[in-house]
Amino acid sequence: MDVEISLDRDVFLRTLVRELATSLKSVIGLEEASGYISLVGQAVGTEIDEMYLKALGVDRLSSEQVSEALVDLKRRIKGDFYVIEQDDTKIVLGNRACPFAEKVLGRESMCTMTSNVFGTIAARNLGYADVELQETIARGDAGCRVVVHLVPGAGPQSGREYFGDAELPVGVPGTGTVPA
């Protein structure tokens, strides 16, 4: 059939994710929908982390490599993330374009995917992450501002916490661990 419609695999998959998020939210509510999406995000984050570890030939990413991986993975899926600021306690990211494009508007639960992918990768490599979604396109902001706190208690703890390998050295800056 030769008709002009805006449908390709990307549009179809973004629409599918949006409608799944919408259905979950309407049936079980925003908090529970975010919980289900977080499980998917964690699994995806683990798989993506393994890809970067294998490609770089390392057992663990450094803080700089984590921020580079977060920006790179979003670039690959049509996001426009960039590092605003980074130190031993946090990575602050901005974003000008959501990978879900217009399909994310009004679907805050879809941001849980970003939180979980970022949190999983950061925690697996640095020991801990608290991902704070300060601004999101889904809520109607012009862009996103995501803060990945790397040290417990260093941020407002208003985000989602992620815990990594308990065998990381204690008290080493950038590992996300603190002295006992």
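Observations
- Most positive-pole-ward Cα, Ala129, Leu24, Tyr52, against dipole of the chain from beta carbon charges: Leu24
- Percent carbon-and-sulfur accessible area, the chain, ignoring ligands, DNA and RNA, probe 1.4 Å: 55 percent
- For the chain, the solvent-accessible area of protein heavy atoms averages 55 Å² per residue (probe radius 1.4 Å; ligands and nucleic acids excluded).
- Taking each of Lys74/Lys103; Lys54/Lys90; Lys25/Lys74 in turn, the alpha-carbon distance tops 22 angstrom for Lys54/Lys90; Lys25/Lys74.
- Its Cα centre serving as origin, the chain has a Cβ charge dipole (Lys and Arg +1, Asp and Glu -1) of approximately 260 debye.
- Label of the coordinate-derived value, volume of the Cα convex hull per residue in Å³, listed as [x] 100; [y] 128; [z] 138: [y]
- In the chain, Cα pairs under 8 Å separated by at least six residues give a relative contact order of 21 percent.
- Cα gyration tensor shape of the stretch 1-82, rounded if a/c is under 1.5, else prolate or oblate by comparing a/b with b/c: oblate
- Crossing angle, helix 30-56 versus the chain [Cα axis fit, 0-90 degrees, rounded to tens]: 60 degrees
- Around the Cα centre of the stretch 1-79, unit charges on the Cβ atoms of Lys, Arg, Asp and Glu (plus for the first two, minus for the last two) sum to a dipole of about 80 debye.
- Principal-axis tilt of helix 111-126 within the chain, Cα atoms, nearest 10 degrees: 20 degrees
- Taking amide H as placed 1.01 Å from N in the peptide plane, the amide H of Thr136 sits under 5 Å from that of Asp141, Arg145, each at least 5 places away or on another chain.
- Estimated 222 nm signal from helices in the chain, with DSSP H stretches of n ≥ 4 weighted -39500 (n - 2.57), rounded to 500: -14500 deg cm²/dmol
- For Glu32, the solvent-accessible surface with a 1.4 Å probe is about 90 Å², rounded to the nearest 10.
The values are calculated or read from the model by the stated rules, or taken from the named source; none is laboratory data. Computed from a predicted model, the values in this text were never measured in an experiment. Neighbour counts are summed over all protein chains in view; Cβ atoms, including those assigned to glycine, are modelled from backbone coordinates with ideal geometry. Ligands, DNA and RNA are excluded from the accessible area calculation, which covers all protein heavy atoms including side chains. Shrake-Rupley method; radii C 1.70, N 1.55, O 1.52, S 1.80 Å.
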